[in-house]
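J.: First, the structure itself, so that you have it in front of you.
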Amino acid sequence: MKTFPTANIRNVALVGHGGAGKTSLAEALLFAAGATNRLGKIEDGTTVCDFDPEEQRRRISVSLALAPFELDGHKVNLLDAPGYADFVGDVGAALQAADLALFVVSAVEGVEVQTEVAWKMAEQRGIPRAIFVNKLDRERASFERTLDQLKERFGAGVAPLHLPIGAESSFRGIVELLNDHAVTYRDGSPQGNEGEIPSEMEAEEHSVHDALVEGIVVADDDLMERYLGDEKIELAELAGALAHGIADGTVFPVLCGSATKLVGIDRLAQFFVDEAPAPAVGDGPAAAVVFKTIVDSYVGHVNFFKAVQGTIKHDDMLTNSRTRSDERMHQLFTMRGKEQDTVTEVAATRPISL
């Protein structure tokens, strides 16, 4: 089992209204990162996260699922949370373990009720937030309309990092605003091809790019002074300032794509690595927070926990702060959907189960 330094761990909760495409997005991210060798589908009941027979029958998520993948020496732990109101408890569980909440919003339906509910939950917990506008390949999809709704509901901190290339059935790629280039996709490949921005989008791209840069540098006096003095600010500096803004909860970046068509998925995965916050780690003896408990018909109670400090090992004795009793850490294993991978120890802060 690989180990990762805390700086290279990302715990990301996928939240939003039911039907926005969270589970399909998790599936696409796993496939694009090479964690799976095929792209599962909701309608076929073959996704990693919706493995329960009830989920497959209803074609909706009813329980929180874990879906880790690796990219560029980083471990990204996706927490796929249900979107319907009946299962809002699992949204709270996902946020308890997450260091970033990614709000998945359909470009067809726009901002819906449970998206706003989850936003308030994340806001109250001080969780950094980002947004992925999904389903841009669908009929009646509109990035512009959805972005306007996001800004209206969630404030001036909402800032697009991407613009879509094409619309509905002709949607084929994205423009990355920070580095001023286009990424297009073909033949169902999750890896995009970089190129020039389409000429018809150049004016819009420059305008939105300038607005994005202003929104990023405004919280950094040095960068703001240099920007106002027309000094060139390097991409790495902008990316660093963006990461700080996300962690501070002052910037809510908007990315876009299509989970089922694998458009923009590789760039979203890279965003997690480059700009998402790493977990905070405490000093002291081994400690963990249990964020979900399930009852398995074969192994009994299974507790999902986030290690917050120290190293937890197989057969360690830890004190339950609620009951004040000692409890033994029996079998430890990580999970991807229903798959289990046994480990002997875990250091802060990788989601794990026992």
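J.: Search region 141-158 for residues that are assigned by TED's automatic domain parsing to the domain that holds Arg172 and at negative phi and pair each with any residue that is surrounded by 19 or more Cβ atoms within 10 Å (Cβ to Cβ) and of a type in the set (D, E, K, R) when their beta-carbon atoms are under 7 Å apart and the residues are at least 6 apart or on different chains.
T.: Ala141/Lys135
J.: Can we say Asn303 is at pLDDT below 90 and either closer than 28 Å to Val104 by Cβ or in the same structural domain as Val158 (by TED's automatic domain parsing) (or both)?
T.: In short, yes.
J.: Kindly evaluate Ser63 against the criterion of being modelled with pLDDT of 95 or more, in the same structural domain as Lys22 (by TED's automatic domain parsing) and of a type in the set (Ser, Thr, Tyr).
T.: Considered against the rule, which asks whether it is modelled with pLDDT of 95 or more, in the same structural domain as Lys22 (by TED's automatic domain parsing) and of a type in the set (Ser, Thr, Tyr), Ser63 comes out as no.
J.: Follow-up. What's the number of the condition Ser189 fails, among (1) surrounded by 13 or more Cβ atoms within 10 Å (Cβ to Cβ); (2) under 24 Å from the mean Cα position of the chain (by Cα)?
T.: (1)
J.: Another one. Could you grab the pairs with beta carbons closer than 7 Å, sequence gap of 6+ or different chains, first residue in region 278-306 and closer than 22 Å to Asp99 by Cα, second one loosely packed, with under 11 Cβ neighbours inside 10 Å?
T.: Between residues of region 278-306 that are closer than 22 Å to Asp99 by Cα and residues that are loosely packed, with under 11 Cβ neighbours inside 10 Å, the close pairs are Ala278/Ala7; Thr293/His301.
J.: Residue by residue through region 310-328, note down the ones that are under 31 Å from the mean Cα position of the chain (by Cα) and in a strand (DSSP E or B).
T.: Thr311, Ile312, Lys313, Leu318
J.: Now a separate question. Working carefully through the options Lys41, Lys2, find the one that is on the phi < 0 side of the Ramachandran plot, part of a loop (DSSP other than H, G, I, E, B) and not assigned by TED's automatic domain parsing to the domain that holds Ala94.
T.: Every option except Lys2 fails the conditions.
J.: Shifting gears a bit: Filter region 306-335 down to residues that are within 22 Å of Ala13 (Cα to Cα) and either modelled with pLDDT under 85 or not aliphatic (A, V, I, L, M) (or both) and give me whichever is surrounded by the most Cβ atoms within 10 Å (Cβ to Cβ).
T.: Among those that are within 22 Å of Ala13 (Cα to Cα) and either modelled with pLDDT under 85 or not aliphatic (A, V, I, L, M) (or both), it is Lys306.
J.: State whether the residues of region 71-86 include one that is more than 30 Å from Ala280 (Cα to Cα) and either under 17 Å from the mean Cα position of the chain (by Cα) or at pLDDT 95 or above (or both).
T.: No: region 71-86 contains no residue that is more than 30 Å from Ala280 (Cα to Cα) and either under 17 Å from the mean Cα position of the chain (by Cα) or at pLDDT 95 or above (or both).
J.: Any residue at all in region 61-84 that's within 20 Å of Ile131 (Cβ to Cβ), of a type in the set (Val, Ile, Thr) and touching a strand residue (DSSP E or B) at 6+ places or on another chain (Cβ under 9 Å)?
T.: Yes - at least one qualifying residue is present in region 61-84.
J.: Additional query: Can you tell me which residues in region 44-72 are within 29 Å of Arg125 (Cβ to Cβ), touching a Gly at 6+ places or on another chain (Cβ under 9 Å) and not in a loop (DSSP other than H, G, I, E, B)?
T.: Glu55, Ala65, Leu66, Ala67, Phe69, Glu70, Leu71
J.: Oh, and also: Output the number of the condition that Met201 fails; it satisfies all remaining conditions of (1) in a loop (DSSP other than H, G, I, E, B); (2) over 27 Å from Leu100 (Cα atoms).
T.: Against the list (1) in a loop (DSSP other than H, G, I, E, B); (2) over 27 Å from Leu100 (Cα atoms), Met201 comes up short only on (1).
The values are calculated or read from the model by the stated rules, or taken from the named source; none is laboratory data. Bear in mind that the values here come from a model prediction, so they are computed numbers and not experimental data. Reconstructed Cβ throughout: ideal geometry from the backbone, glycine too, with neighbour counts over all protein chains shown.
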